[in-house]
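Participant: Pasting a structure here, questions to come.
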Amino acid sequence: MDIFKENLQKFIINIIKKEKNVDVSKPEAEKLIKNPPDDSFGDYCLAAYYMLNYGFKGKPETVAEEVFNFCKMQFNKIERLFDKIEIKGAYVNFFVNKEKFVSEVIKEVAASGSDYGRGVPGKRLTVVIDFSSPNIAKPFGVGHLRSTVIGMSLSNIYAFCGHEVIKINYLGDFGTQFGKLIAAFCRYNDIDFNEFKKDPVKVLYELYVRIHKDEQTDATALEEAKRRFKTLEDFISANKPGLEDYLGSLNFKKSDGFPVGETGNGSEKEEGYKEIKLSEKNKNDFCETPAGQYNLWRLFRKLSIDEFKRIYKSIGIEFDAYEGEALSAEFSNDIKEILLERGIAKISEGAVIVEIKGIKAPALIAKSDGASLYLSRDIVTAILRMAKYNFDKMIYVVGSEQALHFNQLFGIFGVLKENAGKIKDSKNFKHYASMIDGRLVHVKFGRIIGMSTRKGNLVFLEDYIEEARLKAQEKLEERPKILENTLSNEIYEAGKELAEGTEGAETLINSAEGRVNIKSDKELTESEKEQIYSTSLKVGIGAVIFNDLKTRRTTDVNFNWDNVLSFEGQTGPYLQYTVSRINSLMSKSGLLNSINENMEFSFSKNDADFNDIFLISKQISGFQSAVNSAMEQNEPSVLSSFALELASHFNKYYQNYRLIGNAPDYIKPRLLMLSSVRTVLISMLSLLCIPVLEKM
RNA sequence: GCGUUCAUAGCUCAGUCGGAUAGAGCAACAGCCUUCUAAGCUGUGGGUCGCAGGUUCGAAUCCUGCUGGACGCACCA
């Protein structure tokens, strides 16, 4: 917490109270004090026009003068923290006591460690965040990456601010497409079961593509798919519980989430799947009976989820619960009937629709053949989640192309709340459905345009990361190694020994200077190779994730390989590099053991580097408000920008002032300062799902 | 046609909910490694904030219109 800003706020509130007898609330006071655009104007400023809201009158300049005089009269109240006050045009500018400011900030970071900036909210909210949501039996493409990293980062941010977060992955596991999959599996007799064992998702995807192709020429393919899906649907809904009972059975604990799929046949225990063994021989057992197809579907889903989990794990993403559309589909019919019966929905052109004020497009909740639709499943899902988690807020991280869908969904809960009185013979449904209005948020994001492989195909996430990793490895390998440094030193020394001015000396010195080009012939050991692999992988992941988080989420991103694969400037690797640079500096100082949060230290404004240290501290002190602002706007990019700025401050400092070689008393406080930079940078990298590297 | 949304440097983007002189990074050019990691740092050039009005002390930011792009508008998700 920035005690300087806080005290300044109180100071101004008191002045307003004393002079104009107006009370200013805390959030209003927050807006009163701002940061000037340029440091030469001061550290905090008060714009006179804001004072017009609190009883001050006249031109901004004269008001500023009036306020300035009041501030001056009572300056003794804040002179412990502030050096001076200035008036400039319509602004009153405040200059902090820089020495005090720097040591306060550094002390606080040192004392709080990784908890620095962590919030304690007035009210701890339960926030459900629904993100990623891929379709099963399809490869995880980069299209899902944006939702995944934005969702994960928001989850981190809400949790960091002290809220209870439930991360849900809502899988597309239902619909005719799965009928297609089952049909394909049963139709084709040349499935390679060895390959299926090794990479099931790949085989499933190939089956899907194959039957999709066959549909163009063979009408029976689609028919079979539809028939098999109907079989599956009927089988699942045959044993489902009533909606009321099911809602009543859900508890309010985060616990283990929903079962991944359906309610009907209950026990979805992990072990159950191990018994399902597919082979050429028993294949028909699964294709002929409804129960067999049902198991087949469960197996496909399980295999897909395992594959997703593997990928998520590789980029550090995890969920509290995996849900499937199938679960919601079971209850879609119940919802439809309640709404129709009470006149909340009506039939139009054979389909069931709900009309919502302010939205022209009618919300379609059931097809004319009675089958459920996306929207009706989302209605069910929200109600189930309310019953299960009692959330205060639910965030859907989904592309902006679905804005209409979510407006309709949110609108329907408004309608449900309004018409709650009409729903009489239901307790649970009525209760939960009418609670939801106003708690749903669509966090939309722009499209990624022009994303394709160099050959023009859809890009799979893993290939994407591998491309970035290779680039990182290339950079790592061209970096001069210790051996080469020594070598170039020797050449340099040898050159110097030659008579000055001779051609030979010049050549040798040049070759030493071009040490980047000196390659070592030495074979790398296995552990060095592993080191390079794991480092380059983390850098690659960092580059890819940061690329999706650095811009405001709503803007469409023009995808460009060169931009993603450039690791210079405003990139994830730049941030990772900065952290490892601090690490390296700190360990080389040899003073690590004498640095701790309790050490006595101070900075003098006479030191040559003082102003830069002050700027760094100022940046650090803005961390918490950056996190808050990221949360309020559901916008991780606020943190990306903040992190880049802090890293840039450090790198400038690093370039301009040399630490090692100075007296320990000079180095120690600065190491503590750098350690607080590192602490904050690491916090931000973690919030942004970017791997932290010890060394690069 | 209706709706949503966007337009800022050659390119990719910031711009602290209307405030002080519109900022970064790439790319270009010129510099900085025998000294703590050059994935870094310094400097130069580059802008009528799409166009036209309006609102007021004050507009890249709010309102209206226009132009141009993206997305969405009934049984896909």
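The values are calculated or read from the model by the stated rules, or taken from the named source; none is laboratory data. Bear in mind that the values here come from a model prediction, so they are computed numbers and not experimental data. Cβ coordinates were reconstructed from backbone atoms using ideal geometry, including for glycine residues, and neighbour counts include every protein chain displayed. These accessible areas exclude ligands, DNA and RNA; they are computed on the full protein's heavy atoms, side chains included. Shrake-Rupley method; radii C 1.70, N 1.55, O 1.52, S 1.80 Å.
Participant: Please give the length that would be gained between residue A:371 and residue A:52 if that part of the chain were fully extended, namely 0.36 nm times their separation in residues minus their C-alpha to C-alpha distance (nm, one decimal).
Facilitator: That pair, residue A:371 and residue A:52, stretches by 108.9 nm at full extension.
Participant: Would you please give the FRET efficiency between residue A:84 and residue A:118, computed as 1/(1 + (r/R0)^6) with r the Cβ-Cβ distance and R0 = 25 Å, to the nearest 0.05? Walk me through the numbers on the way to the answer.
Facilitator: On the way: r = 33 Å, r/R0 = 1.32.
Calculated value: 0.15.
Participant: To continue, here is another question. Among A:577-584, A:31-38, what's the highest-first ranking by average C-beta atoms within 10 angstrom per residue?
Facilitator: Numbers: A:577-584: 19.0, A:31-38: 14.0.
Ranked from most to least packed, the peptides come out as A:577-584, A:31-38.
Participant: On to the next question. Report, in degrees rounded to the nearest 10, the 0 to 90 angle that the Cα long axis of helix A:290-314 makes with the longest principal axis of chain A.
Facilitator: The angle comes out at about 10 degrees.
Participant: As I understand it, the value is the acute angle between the Cα axis of helix A:98-112 and the longest principal axis of the Cα atoms of chain A; what does it come to in degrees, rounded to 10?
Facilitator: So the helix axis and the longest Cα principal axis differ by about 40 degrees.
Participant: Sequence gap of 8 or more, or different chains, plus Cα separation below 24 Å: how many lysine pairs satisfy both in the stretch A:537-696?
Facilitator: 17
Participant: From largest accessible area down, sort A:561, A:297; use a 1.4 Å probe on the protein chains.
Facilitator: Accessible-area ranking of A:561, A:297, largest first: A:561, A:297.
Participant: Moving on. Any idea what angle helix A:325-341 forms with the longest principal axis of chain A, computed on alpha-carbon atoms, 0 to 90 degrees, nearest 10?
Facilitator: Tilt of helix A:325-341: around 70 degrees.
Participant: Then there is this: Apply the Karplus parameterisation 6.51 cos²θ - 1.76 cosθ + 1.60, with θ equal to phi minus 60°, to every residue of the stretch A:362-370 and state each ³J(HN,Hα) to the nearest whole Hz, in sequence, with x for glycine and proline.
Facilitator: Result, rounded to whole Hz: x, 8, 8, 10, 8, 6, 5, 8, x.
Participant: Using 0.36 nm per residue of separation minus the Cα-Cα distance, give me the extension gain between residue A:349 and residue A:466 in nm, one decimal.
Facilitator: Values: separation 117, 0.36 × 117 = 42.12 nm, distance 5.03 nm.
Here the answer is 37.1 nm.
Participant: Here is a follow-up. Mind giving me the nanometre distance, one decimal, between the label points for residue A:10 and residue A:35, set 7 Å out from Cα along Cα→Cβ?
Facilitator: My value for the distance between the label points is 2.3 nm.
Participant: Also, quick follow-up: Once both labels are modelled 7 Å past Cα along the beta-carbon direction, what's the residue A:611-residue A:287 spacing in nm?
Facilitator: Reported label-point gap for residue A:611 and residue A:287 is 7.9 nm.
Participant: I want to check the label-to-label distance for residue A:361 and residue A:227. Put each point 7 Å from Cα in the C-beta direction and report it in nm to one decimal.
Facilitator: Going by the 7 Å Cα→Cβ label model, 3.5 nm.
Participant: Moving on to the next point. I'd like the accessible area for residue A:212, computed on protein heavy atoms only with a 1.4 Å probe and all protein chains in place. Round to 10 Å², please.
Facilitator: My reading of the accessible area for residue A:212 is about 80 Å².
Participant: Let me ask something else about it. Arranged from highest to lowest average of other beta-carbon atoms within 10 Å per residue, in what order do the peptides A:396-404, A:167-175 appear? Could you put the intermediate results ahead of the total?
Facilitator: Details: A:396-404: 17.1, A:167-175: 23.4.
Peptide ranking by packing, descending: A:167-175, A:396-404.
Participant: How big is the dipole moment of chain A about its Cα centre under a simple scheme where the beta carbon of each Lys and Arg is +1, that of each Asp and Glu is -1, and everything else is neutral? Debye, nearest 20, please. Walk me through the numbers before you get to the answer.
Facilitator: Working: 93 positive and 98 negative charges, 424 e Å.
Value, rounded to 20: 2040 debye.
Participant: So which cysteines of chain A have no other cysteine's Cβ under 4.7 Å from theirs?
Facilitator: Cysteines of chain A left without a disulfide-compatible partner: A:45, A:71, A:161, A:689.
Participant: Which percentage, to the nearest 5, of the DSSP beta bridges contained in chain A is antiparallel?
Facilitator: On the way: 21 of 42 bridges.
Antiparallel bridges make up about 50 percent of those DSSP assigns within chain A.
Participant: So if each residue of separation counts as 0.36 nm, and I subtract the Cα-Cα distance between residue A:17 and residue A:216, what length gain in nm does that give? Intermediate results must be reported in sequence, preceding the final value.
Facilitator: On the way: separation 199, 0.36 × 199 = 71.64 nm, distance 7.71 nm.
Going from the current span to full extension adds 63.9 nm.
Participant: Output wanted: per-residue J couplings in Hz (rounded whole) for the stretch A:223-236, from phi through Karplus 6.51 cos²θ - 1.76 cosθ + 1.60, θ = phi - 60°, x for Gly and Pro.
Facilitator: Listing the rounded values in order: 4, 4, 4, 5, 4, 5, 5, 4, 4, 4, 4, 4, 4, 5 Hz.
Participant: Consider just the alpha-carbon atoms of the stretch A:592-658 and return their Rg together with their Dmax, both in angstrom.
Facilitator: Calculated on Cα positions, Rg and Dmax stand at 14.9, 42 Å.
Participant: Right, here's the next one. Rounded to the nearest 0.05, what FRET efficiency do residue A:209 and residue A:686 give with R0 = 41 Å and r taken as the Cβ-Cβ distance? Could you check? Can you show the working numbers first?
Facilitator: Numbers: r = 38 Å, r/R0 = 0.94.
After rounding, the FRET efficiency stands at 0.60.
Participant: Divide by every residue of chain A the summed helix terms, -39500 (n - 2.57) for each DSSP H run of at least 4, and state the resulting mean residue ellipticity at 222 nm, rounded to the nearest 500 deg cm²/dmol.
Facilitator: On the way: 28 runs with 388 residues, N = 696.
Helix-only estimate at 222 nm: -18000 deg cm²/dmol.
Participant: Mind listing the phi-derived Karplus ³J(HN,Hα) values for the stretch A:663-669, rounded to whole Hz, using 6.51, -1.76 and 1.60 with θ = phi - 60°, and x for any glycine or proline?
Facilitator: 5, x, 5, 7, 6, 4, x
Participant: A further question follows. Return the FRET efficiency for the residue pair residue A:662, residue A:530: r is the Cβ-Cβ distance, R0 is 45 Å, and the value is rounded to the nearest 0.05.
Facilitator: Efficiency, from the Cβ-Cβ distance: 0.75.
Participant: From largest accessible area down, sort A:331, A:229; use a 1.4 Å probe on the protein chains.
Facilitator: Details: A:331 0, A:229 25 Å².
Highest to lowest solvent-accessible surface, that is A:229, A:331.
Participant: For residue A:427, give me every one of the lysines with a C-alpha distance below 30 angstrom, ignoring sequence neighbours fewer than eight places off in its own chain.
Facilitator: A:123, A:167, A:240, A:253, A:254, A:336, A:346, A:357, A:367, A:388, A:393, A:417
Participant: A further question follows. Hey, any idea what % of the stretch A:49-141's accessible area is carbon plus sulfur with a 1.4 Å probe?
Facilitator: Looking at the stretch A:49-141 in its full context, I get 49 percent from C and S.
Participant: Probe of 1.4 angstrom, ligands and nucleic acids ignored: what's the accessible area per residue over chain A, in square angstrom?
Facilitator: Values: 33550 Å² over 696 residues.
On a per-residue basis, chain A sits at 48 Å².
Participant: Near the amide H of residue A:171, under 5 Å away, which other amide H atoms are found, from residues 5 or more places off or on another chain, if H is placed in the peptide plane?
Facilitator: A:323, A:324, A:325
Participant: Still on this structure: Sort A:535, A:555 by accessible area with a 1.4 Å probe, largest first.
Facilitator: On the way: A:535 10, A:555 70 Å².
Sorted descending by solvent-accessible area, the residues read A:555, A:535.
Participant: Also: Solvent-accessible area of residue A:463, probe 1.4 Å, all protein chains present, reported in Å² to the nearest ten, please.
Facilitator: The value for residue A:463 is about 90 Å².
Participant: Oh, and also: Would you please give the residues with an amide H less than 5 Å from that of residue A:84, counting only those at least 5 places away or on a separate chain, with H modeled from the backbone geometry?
Facilitator: A:95
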